[in-house]
Amino acid sequence: MEGAEAREPIIGIDLGTTHSLVAVCDAAGPRVIEGPAGERLLPSVVRYSNGRVSAVGSDARKGAAEFPDQTIASAKRWMGRAHGEASALDGAFGVEVVAGPRGLAALRAGGATVLPQEVAAVVLAELRGWAERALGCAARRAVITVPAYFDDGQRQATRDAARLAGIEAVRLVPEPTAAALAYGLGRRGHPETIVVYDLGGGTFDVSVLEVTPDDGSGAGAMFRVLATHGDTRLGGDDIDRALAERLLAEAGLGSAGLDGASLAPASRQALRDFAESAKIALSTRDSATVDVDLGGGARLSRSLLRSEFEAIARPFVERTIELCRRALDDAGNPHLDRVVLVGGSTRMPLVRQEVARFFGVEPYTALDPDMVVALGAAVQGALLGGVRRDALLLDVIPLSLGIETVGGAVAKLLMRNSAIPAFAREMFSTSVDNQTAVRLHVVQGEREMAADCRSLARFELRNIPPMPAGIPQVEVDFTVDANGVLQVRAGERRSGQRASVQVVPSYGLTAEEVERMERESLTHARDDMRRHRVIDLAVNASLDVKWIGDALERVRAHLDTAVVESVDQELHRVRALIALAKSAPESVDANAFQQAKEALDRASVPVHESAIAASLRAEQQAAGSSEPNSERGGGVAPRSPS
Ligand code: AMP
């Protein structure tokens, strides 16, 4: 069955300390494969009962508190280690380490004595099952990732684990190399130096890589690890713990720290879980609430500001930066081209900010930091299996990129077939008075309405000072770099507020989908254009109607009745058209709408003149009666009236 094997994909597996993932890459690009319950992360945890495997993954992790003596987590820490070396870690991670064959460290749980690779094999076999179910074919070959610092013994143990799981480890790839591959690094141009910063729950690793691009011979890019540093006991969990201890101390309950506090184990765990939730919430919000029942009538309830949390997290982040400094020194302080972020804890804004500051390079964050290593392993698998990376090898933008404006129309900033790298900038404004936040929705596609395009990302530009609608100047930049990574930056010029988001637009699209989207855009082109024009007219007319309506109220008494009547009439007509444009844009004639808008402009000339005269008279009091509203959000409005 050689033919069948040739068709079998080479899957990519991230065999992690706390969790593992499997991914696959075809012509459409890499994607993570889901388990039967739609989950993507498989906890690297196995439970043994009566000497046999009784639970794997989430079930084993959920039961860890109930069956501590039967559960093995973090087996990767002991992979290929000698017993003497490993027993130094004994106890610290809750697993009993014993002497195994050939002086190797073995683990004991639930009546079983197993080598770490046997535990890893159970995890790998589970992932193989996920892949086979999703792909509908056998998945017997895989690229598996290992930490950059794994020695020969640890690598061999990983290969053995694969073999036990019925998988041929076609290649072991260092985790940082996989992360770089996921971003398509090393595809073109000149050699680059890349830093991969990986901060997870329990460990930190930083690697400096040199990438020599494919020379066209098909051999692929060459990745060389120049230096690597890390700390196997530094991660997000330590930050949760420090936060929990601070909260306890404040409540007067834990002067001796979490372990010394007179808390029931369940309350201690609840406190740590709350600390982690607060930490995660503070990655996207400025404040979070902590409310924990500590038992015995004690309750901890308070709100926590991001700045307070960051003061607690900062020493941990500084330790990672110190290790980065050492790695850079070891690598001979090369010029850096890219920094890639890996690991759940790199979602913390403080981490992103300090990493950017230290390396002087804005890090790549477009891919989910939990998935990036598995995606890269899948890319390597596809290359080894001879799959062409069509979706990743494009030199042009396959589908236009733009943002949704008020009313649901799309402002396209980069048109399809633009060569990459590419850059575009456009100005937008607000659509509502005193709007202090602007929601930005990045979309991809040829259609004129956002609902008909593919949604790539959403983000918010906040803290804009309250101003009348149309006054803020929101500058939006789209940059697609040579690796196809899109960065969208938005900034309000007057206040200097900024926000940004990164995505890889080519991921997750098949060649057929690109074709379909193109075809549909042609079929709908005429209707789409008409609808877009009507919606833009409605947005601009709304601003006009508001200005004219307000001015008319101020000066009504000074104007001829005939003028007032005619303005009222035109206002009424335009308002009706705006309402219709919102509910049924296809039923509005854009030309008639344009004419109605122009008629209103003409009729309202005396209103403007009178309003200007009045405001000159009352110059002193004229300024700002608007009331700030901190929660006011909305989309962006096209800036130039059509
Ligand atoms: P990993 O081992 O890569 O899965 O990373 C897990 C760690 O990432 C845990 O400490 C999580 O609390 C942390 N983490 C996950 N999501 C976030 C987030 N949005 N903000 C901050 N930390 C996070």
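The values are calculated or read from the model by the stated rules, or taken from the named source; none is laboratory data. Model, not experiment: these values are computed from the prediction. Every residue, glycine among them, receives a Cβ derived from its backbone with ideal geometry; neighbour counts consider all protein chains shown. Heads up: the accessible areas ignore ligands, DNA and RNA and are worked out on the full protein's heavy atoms, side chains in. Shrake-Rupley method; radii C 1.70, N 1.55, O 1.52, S 1.80 Å.
Are any of the residues in the stretch 349-358 open to solvent by 10 Å² or more (accessible area, probe 1.4 Å), more than 16 Å from the ligand (Cβ to nearest atom) and under 21 Å from the mean Cα position of the chain (by Cα)? There is at least one residue in the stretch 349-358 that is open to solvent by 10 Å² or more (accessible area, probe 1.4 Å), more than 16 Å from the ligand (Cβ to nearest atom) and under 21 Å from the mean Cα position of the chain (by Cα).
When residues in the stretch 359-389 are screened for being more than 12 Å from the ligand (Cβ to nearest atom), under 17 Å from the mean Cα position of the chain (by Cα) and surrounded by fewer than 17 Cβ atoms within 10 Å (Cβ to Cβ), 1 of them pass.
Among the conditions (1) in the same structural domain as residue 264 (by TED's automatic domain parsing); (2) in contact with a strand residue (DSSP E or B) (Cβ under 9 Å, 6 or more places away or on another chain); (3) surrounded by 14 or more Cβ atoms within 10 Å (Cβ to Cβ); (4) of a type outside the set (Lys, Arg), the only one that residue 303 does not satisfy is (3). In this structure, is residue 181 farther than 24 Å from residue 103 by Cα and in contact with a Lys or Arg (Cβ under 7 Å, 6 or more places away or on another chain)? In short, no.
Look at the stretch 323-345: where a residue is more than 13 Å from residue 359 (Cα to Cα) and a partner is within 16 Å of the ligand (Cβ to nearest atom) and open to solvent by 20 Å² or more (accessible area, probe 1.4 Å), sitting 6+ places away or on another chain with Cβ atoms under 6 Å, you get 342/198; 343/198; 344/370.
Consider only pairs whose beta carbons are under 8 Å apart and that are at least six residues apart or on different chains; among these, list those whose first residue lies in the stretch 15-41 and is at pLDDT 90 or above and open to solvent by 60 Å² or more (accessible area, probe 1.4 Å) and whose second residue is in a strand (DSSP E or B) and within 11 Å of the ligand (Cβ to nearest atom). Correct list of pairs: 18/43; 40/21.
Inspect all residues belonging to the stretch 310-331 and state whether any of them is in a strand (DSSP E or B) and away from the ligand (no atom under 16 Å from the Cβ). Within the stretch 310-331, none of the residues are in a strand (DSSP E or B) and away from the ligand (no atom under 16 Å from the Cβ). Among the criteria (1) assigned to a strand (DSSP E or B); (2) closer than 16 Å to residue 487 by Cβ; (3) among the basic types (Lys, Arg), the one residue 352 does not fulfil is (1). Residue count for the stretch 202-225 satisfying the condition of being within 16 Å of the ligand (Cβ to nearest atom), open to solvent by less than 30 Å² (accessible area, probe 1.4 Å) and touching a Gly at 6+ places or on another chain (Cβ under 8 Å): 4. Checking the stretch 166-180 against the condition returns no match, with no residue being over 30 Å from residue 480 (Cβ atoms), in a helix (DSSP H, G or I) and either open to solvent by 50 Å² or more (accessible area, probe 1.4 Å) or in contact with a Gly (Cβ under 8 Å, 6 or more places away or on another chain) (or both).
Looking across 490, 451, one residue alone is closer than 24 Å to residue 353 by Cβ, modelled with pLDDT of 90 or more and among the small types (Gly, Ala, Ser). It is 490.
Could you tell me which of the residues 590, 596 is open to solvent by less than 20 Å² (accessible area, probe 1.4 Å) and either charged (D, E, K, R) or modelled with pLDDT of 90 or more (or both)? When all the criteria are applied, what remains is 596. Just one residue in the set 326, 285, 306 is modelled with pLDDT of 90 or more and under 20 Å from residue 365 (Cα atoms); that residue is 285.
Would you confirm, using the coordinates I've provided, whether residue 260 is more than 32 Å from the chain's Cα centre (by Cα), at pLDDT below 80 and open to solvent by less than 70 Å² (accessible area, probe 1.4 Å)? Criteria met by residue 260. Within the stretch 599-636, if we keep just the residues that are at pLDDT 85 or above and open to solvent by 100 Å² or more (accessible area, probe 1.4 Å), the residue that is farthest from the chain's Cα centre (by Cα) turns out to be 609.
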